[in-house]
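The values are calculated or read from the model by the stated rules, or taken from the named source; none is laboratory data. Quick caveat: nothing in here was measured; it's all calculated off a predicted structure. A quick note on method: Cβ atoms are made from the backbone with ideal geometry, for glycine too, and the neighbour counts reach across all protein chains shown.
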Amino acid sequence: MKKVLIAPVLSDPQYDSEQRQTSLVGLAKLATVEGYSQTEFTADHGRDVVAVIANSALFTREFYEAAEDLRIVARWGVGYDQVNLEIATELGIVICVAPVHMATVAEYAITQWLATLKRVYTLNQMAHSGDHALVRTYDAEGSTLGIYGLGRIGQHAAQRARPLLGDSGRLLVYDTRPDVAELAAELGAEAVDDPMTLFRESDAVSLHVSGDDTIVTYEQLCAMKPHASLINPSRGNLVNDADVNRAIKEERLFYYVVDDPTDGTREIHRGHPRIISTNHNAGISAESVARLDSMNAHQVALVLQGQKPPHILNEAVLAHPRVATWLQ
């Protein structure tokens, strides 16, 4: 019997749901469903595997070459750094993502925006230490919010922010997409040509960008207002950690919020009262996990039944002779 390997997150009891159980039962009718725990897929893991619902484990060429029956790797999320997309395409393996947690990430960004305006983190620390002084806070209405990146999550965030800003507030957006002006107008936002405008004029900037490049350094941070905050629900590497740590200490901005733990280059932030780290949890909620489970299982089931799944990253793979053997 062929095997579908599923990531450890699908065995996490705190996120169990009716959708998950229904999805797994459906897959079990098509193949043997087995959990995996390794952080790297090698040639030793390839035998009889026809599909993988993957977390952030690394997929090697050796695995792809050994997995002669493999049709699909479905990413439990949207990141695909570790799946080696080019190798998978070369060898005729479909790579899918599950873009069904966009609203959840947008809600996280809006929550952090409001929390930073209201100085929630500082007030909590003060209250617990017995300091009952008043702190200057700010309203969302009438303020300026900058959104850097107007993809699916950025659009969701903009839609939620616009009513909170009120008629007197400004929503600034920056993106390199050619239709940014038209899209901004639909969202009640102003498109800007230079991201520095966001940092200079906004009371908070929220980053919604994919990729590995660092886009925020000391230069951008020095342009911010001292009371403003930077919110990063995307990837820690978008912001230079040494620069933002320095800028916070120099009172060039008030808060930095990053949805990544304090490890690697972010260890410098550990214990800092105005640098808020969360464990890459922005897209995770009871509801989003149920959607992720269902979408991944659905895409795997379609492929095992010879059909095209909806969220293929490597569309070119559909022309591969190996895919032609099973695609109806």
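Within region 54-64, does at least one residue satisfy the condition of being of a type in the set (Phe, Trp, Tyr) and out of contact with any strand residue (DSSP E or B) (no Cβ under 8 Å at 6 or more places or on another chain)?
Looking only at region 54-64, we keep the residues that are of a type in the set (Phe, Trp, Tyr), and these are 59, 63-64.
Okay, now just the ones that are also out of contact with any strand residue (DSSP E or B) (no Cβ under 8 Å at 6 or more places or on another chain), so 64.
Yes, that holds for at least one residue.
Among (1) closer than 19 Å to residue 209 by Cα; (2) of a type in the set (A, V, I, L, M); (3) without any contact (Cβ under 8 Å) to a residue 40 or more places away in the chain, which single condition is residue 275 missing?
(1)
Residue check, residue 182 against (1) under 23 Å from the mean Cα position of the chain (by Cα); (2) more than 21 Å from residue 120 (Cβ to Cβ), all met but one. Which one?
Of the numbered conditions (1) under 23 Å from the mean Cα position of the chain (by Cα); (2) more than 21 Å from residue 120 (Cβ to Cβ), the odd one out for residue 182 is (1).
Residue under question is residue 141, and the condition is that it be in the same structural domain as residue 231 (by TED's automatic domain parsing), surrounded by fewer than 18 Cβ atoms within 10 Å (Cβ to Cβ) and more than 22 Å from the chain's Cα centre (by Cα); does it hold?
On the way: in the same structural domain as residue 231 (by TED's automatic domain parsing): yes; surrounded by fewer than 18 Cβ atoms within 10 Å (Cβ to Cβ): yes; more than 22 Å from the chain's Cα centre (by Cα): yes.
Yes; evaluated as a whole, the condition is true for this residue.
Can you confirm whether region 89-109 contains a residue that is in the same structural domain as residue 290 (by TED's automatic domain parsing), acidic (Asp, Glu) and modelled with pLDDT under 95?
No; the residues of region 89-109 include none that is in the same structural domain as residue 290 (by TED's automatic domain parsing), acidic (Asp, Glu) and modelled with pLDDT under 95.
Filter region 135-162 for residues that are charged (D, E, K, R) and at pLDDT 95 or above; which is nearest to residue 98 (Cα to Cα)? So that I can check it myself, show each step before the final result.
Start the filter on region 135-162 by keeping residues that are charged (D, E, K, R), which leaves 136, 139, 141, 152, 160, 162.
In the following step, the residues that additionally are at pLDDT 95 or above were identified as 136, 139, 141, 160, 162.
Details: 136: 41, 139: 35, 141: 34, 160: 22, 162: 27 Å.
Selected residue: 160.
Considering only region 149-165, I want to know if a residue exists there that is assigned to a strand (DSSP E or B), closer than 13 Å to residue 238 by Cβ and within 18 Å of the chain's Cα centre (by Cα).
Within region 149-165, the first condition is being assigned to a strand (DSSP E or B), and the residues that meet it are none.
Looking for residues that are assigned to a strand (DSSP E or B), closer than 13 Å to residue 238 by Cβ and within 18 Å of the chain's Cα centre (by Cα), one finds none in region 149-165, hence no.
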